[in-house]
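Below is one structure; the comments refer to it alone.
The values are calculated or read from the model by the stated rules, or taken from the named source; none is laboratory data. A quick note: this is a predicted structure, and the numbers were derived from the prediction, not measured. Cβ coordinates were reconstructed from backbone atoms using ideal geometry, including for glycine residues, and neighbour counts include every protein chain displayed. Just the protein is used for accessible areas: all its heavy atoms, side chains included, with ligands, DNA and RNA removed. Shrake-Rupley method; radii C 1.70, N 1.55, O 1.52, S 1.80 Å.
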Amino acid sequence: MRLTTALIAVTSLAVLPAAPASAGLRQPHVVSENPVNTTPHVLDGIVTAFALVGRTVVVGGEFSAVREARGGADLPRANVFAFDLPTGRVLPGFAPDLDGPVSALAPGPDGTVYVGGAFTWPARGLTRLRVSDGAPVSSFSAPVYAGEVTSLVRLGGALYVGGDFARIGRSARTALARVDAGTGAVDPHFTVTPGDGRGGGVRIYAMAATSDRLVVDGSFTTLDGLRRPQLGVIDLTTGRVAGWHTEAYAPACKPDFPSYVRGLDLSPDGRYFVVVTTGGPAPRTTKLCDSAARFETYAKGDAIRPTWVNLTGGDSLYAVAVTGSAVYVGGHQRWLNNPRGADTAGPGAVRRPGIGAIHPVTGRALRWNPTRERGIGVKAFLTVKTGLLVGSDTTELGHEYHARVGMFPAA
């Protein structure tokens, strides 16, 4: 059956878990199209990750300087900085000198933040920092070898680590591990292993979790030897791969993108998640290249299909945030609702340059259309009680100057 932006029957759900521990924050309404005027400006490079620790936003990426929205001096910051969410004031004491880019952040206990990426100082690829002064927490040690960290999810006393590494500390782990959130010790009981990378090495691109499920996507074809092309679900009650299997991402897109899944996010209640992709235009096919697609977390079977698909018609999506009232998607797309486009606006396409919102039930684009300078694209979203944070590589958001960081306030 051809996949379009129309609604496909939703899989019925039998038993639902308690509220998720790391899924998106529920927002009752779509956010405003007018960004707040307080977020700091990142003056070069790209922003790829956010974490909220108390009222402090930690921002990661690849950059060297920031400036407060109210003006003032350029402040040197090596790939990570922090600001006060209500005021936008850059924290003067948080200025760790990381020697490589940051790809992932997760809030830690006691005013700390986990930082993952491709740096070697203050630790290899993964560290825990105090937000008050940027100093490493000495009791945490989980050095990453033969690769980098691309995704982090903390659930209580556990930290899930994804990337393209081969080892954490002295433990062999391929691309995925669970470590103690306090010490960094690798959990010997969690050994789910991605395998058979598509067109290269194995890599986890994105993760999200409920209290009993971990959803992962990336460059893999198997999880623990079970066929799971680019997307899989792990049952955290057993530590094993769940009986959730889709072939939706088995077909190839353009040769330049052998693995084309990118961001994913769970709904606030954990019942469904949305995956966004790159891959190149594939009109009039069932392929999910350059798309956003909803899946039901607790669906069962060996041929699970997406509930809906929204195609851009040839432009990449990298980031997604699910709030209950909307599914926000970002990349360098020109359109949504464009299943027949091939770098063109096909019948029914709507312009949504660089950022857009999709109805979580129908899969159709909402009217929300603030626009942004497209560039490489949105690489990070973070939903907070007061709005939606956006991280990218460009300087125009909602027709205003907001360099690489912006926030749309809650309506």
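Packing, as the average of other Cβ atoms within 10 Å across residues, places the peptides 60-66, 249-255 in the order 60-66, 249-255, highest first. Mean-square fluctuations from a GNM of the chain, with a 10 angstrom spring cutoff on Cα atoms, peak among GLY314, GLY116, GLY182 at GLY182.
As a length-normalised measure over Cα pairs under 8 Å and 6 or more apart, the relative contact order of the chain settles at 16 percent. Applying the criteria of a DSSP loop state and at most 12 other Cβ atoms within 10 Å to the trypsin sites (Lys or Arg not before Pro) of the range 49-78 yields ARG55, ARG70.
Given an 8 Å cut-off on Cα distances and at least 6 residues of separation, report the relative contact order of the range 228-372 as a percent.
18
When you count, for each residue, the other Cβ atoms within 10 Å and take the mean per peptide, how do 294-300, 347-353 rank with the highest first? Could you put the intermediate results ahead of the total?
Working: 294-300: 20.6, 347-353: 16.9.
Going from most to least packed, we get 294-300, 347-353.
When all alpha-carbon pairs of the range 260-408 are counted, what percent fall beyond 23 Å? The answer is 29 percent, as a whole percent.
Per atom type, the chain shows carbon and sulfur on 51% of its accessible surface, probed at 1.4 Å. Pairwise alpha-carbon distances in the range 63-112 exceed 12 Å for 68% of all pairs. In vacuum, with every alpha carbon of the range 36-97 counted as one equal point scatterer, what does the Debye formula give for log10 I(q)/I(0) at q = 0.14, 0.20, 0.30 Å⁻¹? Two decimals, please. At q = 0.14, 0.20, 0.30 Å⁻¹ the computed log10 ratios are -0.32, -0.68, -1.54. Shown in residue order for the range 247-261 are the 3J(HN,Hα) couplings computed by the Karplus curve 6.51 cos²θ - 1.76 cosθ + 1.60 at θ = phi - 60°: 9, 4, 9, 6, x, 7, 9, 5, x, 5, 10, x, 10, 10, 5 Hz (x for Gly and Pro). For GLY356, the residues 5 or more places off, or on other chains, whose built amide H falls under 5 Å of its own are VAL329. If you wrap the tightest convex hull around every Cα atom of the range 187-272 and split its volume per residue, you get 97 Å³. Normalised by 2.2 N^0.38 Å, with N the number of residues, the alpha-carbon radius of gyration of the range 231-347 equals 1.06. Under the simplified labelling scheme, the ASP97-ALA185 pair shows an inter-label distance of 3.4 nm, with each label point 7 Å from Cα along Cα→Cβ. In this structure SER211 has an accessible area near 60 Å², from a 1.4 Å probe over the protein heavy atoms. Largest GNM mean-square fluctuation across VAL275, VAL113, VAL261, computed for the chain with C-alpha springs under 10 Å, falls on VAL113. Legend: calculated FRET efficiency, THR362 to THR87, from the Cβ-Cβ distance at R0 = 41 Å, rounded to 0.05, equals 0.60. Shown here: the chain, whose C-alpha atoms stretch 56, 50, 39 Å along the first, second and third principal axes, sorted largest to smallest.
Using a probe of 1.4 angstrom and keeping all protein chains present, the accessible surface of the range 196-315 works out to 31 square angstrom per residue.
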